[in-house]
1. If residue 38 meets every condition in (1) without any contact (Cβ under 8 Å) to a residue 40 or more places away in the chain; (2) surrounded by 15 or more Cβ atoms within 10 Å (Cβ to Cβ) apart from one, which number is that one?
2. Which condition number in (1) assigned to a helix (DSSP H, G or I); (2) open to solvent by less than 60 Å² (accessible area, probe 1.4 Å); (3) under 19 Å from residue 129 (Cα atoms) is the one that residue 60 fails?
3. What residue, among those in the range 177-221 that are among the polar types (S, T, N, Q) and loosely packed, with under 14 Cβ neighbours inside 10 Å, is modelled with the highest pLDDT?
4. All but one of (1) modelled with pLDDT of 95 or more; (2) within 30 Å of residue 51 (Cα to Cα); (3) open to solvent by 50 Å² or more (accessible area, probe 1.4 Å) hold for residue 129, so report the exception by its number.
5. For residue 71, which of the numbered conditions (1) of a type in the set (Ser, Thr, Tyr); (2) free of Cβ contacts under 8 Å to residues at least 12 places away in the same chain; (3) within 20 Å of residue 137 (Cα to Cα) fails to hold?
6. Of the residues 112, 141, which single one is open to solvent by less than 10 Å² (accessible area, probe 1.4 Å), touching a residue at least 12 places away in the same chain (Cβ under 8 Å) and either assigned to a loop (DSSP other than H, G, I, E, B) or not polar (S, T, N, Q) (or both)?
7. Got at least one residue in the range 39-49 being on the phi < 0 side of the Ramachandran plot and at pLDDT below 95?
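The values are calculated or read from the model by the stated rules, or taken from the named source; none is laboratory data. Note that the coordinates shown come from a computational prediction; the quantities given were computed from them, not determined experimentally. Cβ coordinates were reconstructed from backbone atoms using ideal geometry, including for glycine residues, and neighbour counts include every protein chain displayed. Heads up: the accessible areas ignore ligands, DNA and RNA and are worked out on the full protein's heavy atoms, side chains in. Shrake-Rupley method; radii C 1.70, N 1.55, O 1.52, S 1.80 Å.
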Amino acid sequence: MARRSQPAINLPPLLIAILALLIGLYLVETYLLDDETRYLLLYELAFSPLRYVYPLSSQGLEWLWTPVTYSLLHGSAEHLAFNSLWLAAFGAPVLRRLGALRFLLFWALSAAASAFFHAFLNWGQETVLIGASGVISALMAAACRFAFPRQGGGLARGDAHRLPRQGIVEALTNRTVFVFTLLWFIGNVLIAVGVPLVGDGTSAIAWDAHIGGFFFGYLLFSAFDPPLASR
């Protein structure tokens, strides 16, 4: 019997579409827009805690959608490439497990949770938050609840989305999850104190948005996880 060949890109179609959207927006912003239009795009789509200092009734509706839309923009090719790799690795098993609608809802709410955790620590400051890193942190945390089998170590492949969900405390007794989570938090603490782990350190990294997203994904994953029968 002939063996069926595996596709070159084994990602869910929705995830491919999201990656294409992220890349397309970056290319348009970088190569097709002038400075004035690029500033307007950032004003309309990027998140800033400063918006919420002023009465919402006295401004446009950007405060309503920017807690989500900022996650679609990226500041550099390196930023985009780094996020795309992690999104492909951790977004695929979570998407296969949740399905398209739950995944999109998870994306939107984890983006908002990341943004407002950043806003809580930077209240009233004129910071501009862009990038999918907070959402990807939430996806990493969600994967920690099911995609790391207790035996075998590492992120499971293939049918990882069918593995049983581990409890909040139970998952941390999984050595792989514990080590991964510990190293992830150490990395973000180093970023917080000014140690550049990626790039040359000239671009600010929103470590606080990462942490907000991770807590959201880890603690609230079960609210999005469908029953086994529907998976």
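1. (2)
2. Against the list (1) assigned to a helix (DSSP H, G or I); (2) open to solvent by less than 60 Å² (accessible area, probe 1.4 Å); (3) under 19 Å from residue 129 (Cα atoms), residue 60 comes up short only on (1).
3. Residues of the range 177-221 that are among the polar types (S, T, N, Q), as a first pass: 181, 188, 202-203.
The next check asks that each one be loosely packed, with under 14 Cβ neighbours inside 10 Å; those that pass are 202-203.
Working: 202: 47, 203: 62.
So, considering only residues that are among the polar types (S, T, N, Q) and loosely packed, with under 14 Cβ neighbours inside 10 Å, the one modelled with the highest pLDDT is 203.
4. Condition not satisfied by residue 129: (3).
5. The number of the failed condition is (2).
6. On the way: 112 fails: open to solvent by less than 10 Å² (accessible area, probe 1.4 Å).
Every option except 141 fails the conditions.
7. Within the range 39-49, the first condition is being on the phi < 0 side of the Ramachandran plot, and the residues that meet it are 39-49.
Subset that is at pLDDT below 95: none.
No, because not a single residue in the range 39-49 is on the phi < 0 side of the Ramachandran plot and at pLDDT below 95.
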